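Trainee: Sharing a structure with you now.
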Ligand code: GRF
């Protein structure tokens, strides 16, 4: 699931293709037509489905469309790789312990939107990223993997985001591996 540039989506695809992660990314869903993630899926040859949230009356109906897509593709595990929508209990219940999110802060600090700006405004010397299982409350849920990065003097939101992104691409495949191991999935479905 991706809404924006899709660099985490691509990192997952590459981790699978390099053999680092015993899984395959069988489907991307996006909510923003023409977003970077959709373009990357085209380049990488990963099937992409658009579920434009603007065309759904509420969050529940969007999530039900997502569930239908995932069930049609028989996915084992779902990753919110930069999904900028709040998800509902329906999606969480459809993929218990199988829904992973990546967030650009060291949770529980700086939940929600603008996490990188929040860290800069707070003046912390250390920030980072967190991959975690999804609970109903935004950016909570059991933590799978975290990586820390320094906040450097003179950092802008863009420079700190770039440093965090590099780490996100490292920890997201690890988090998927861990989530799969917790579920007893030795090798995620290659289909
Ligand atoms: C990442 O910083 C992620 O932590 C946040 O959204 C961003 C997505 O970046 N949830 P990308 O689209 O994967 O490049």
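Trainee: Based on Cα coordinates alone, diagonalise the gyration tensor for region 42-191, multiply each eigenvalue by 5, take square roots, and list the semi-axes in whole Å, largest first.
Mentor: In descending order the semi-axes read 28, 18, 15 Å.
Trainee: Just to check, using Stokes-Einstein with a Kirkwood Rh over alpha carbon pairs, what's the diffusion coefficient of region 29-74 at 37 °C and 0.692 mPa s in µm²/s?
Mentor: The Stokes-Einstein estimate is 293 µm²/s.
Trainee: Note the full-extension length gain between residue 126 and residue 174 as 0.36 nm times their separation in residues minus their Cα-Cα distance, in nm to one decimal.
Mentor: Net length gain for the segment: 15.2 nm.
Trainee: For residue 185 and residue 56 in one chain, what is 0.36 nm times their gap in residues minus the Cα-Cα distance, to one decimal in nm?
Mentor: Once the chain is fully extended between residue 185 and residue 56, it gains 43.1 nm.
Trainee: Semi-axes of region 1-47's equivalent ellipsoid from the Cα gyration tensor, sqrt of 5 times each eigenvalue, largest first, rounded to whole Å?
Mentor: Result for region 1-47: semi-axes of 19, 9, 9 Å.
Trainee: Using helices alone, what [θ] at 222 nm do you get for the chain, with -39,500 (n - 2.57) per DSSP H run of 4 or more residues, divided over all residues and rounded to the nearest 500?
Mentor: -12500 deg cm²/dmol
Trainee: May I ask for the Kirkwood hydrodynamic radius of region 60-104, worked out over all distinct Cα pairs and given in angstroms to one decimal?
Mentor: Value: 10.8 Å, from the Cα pair sum.
Any read-out appearing in this document is the output of simple, stated calculations on the displayed coordinates, not a laboratory observation. Keep in mind it's a predicted model, so treat the numbers as computed, not measured.
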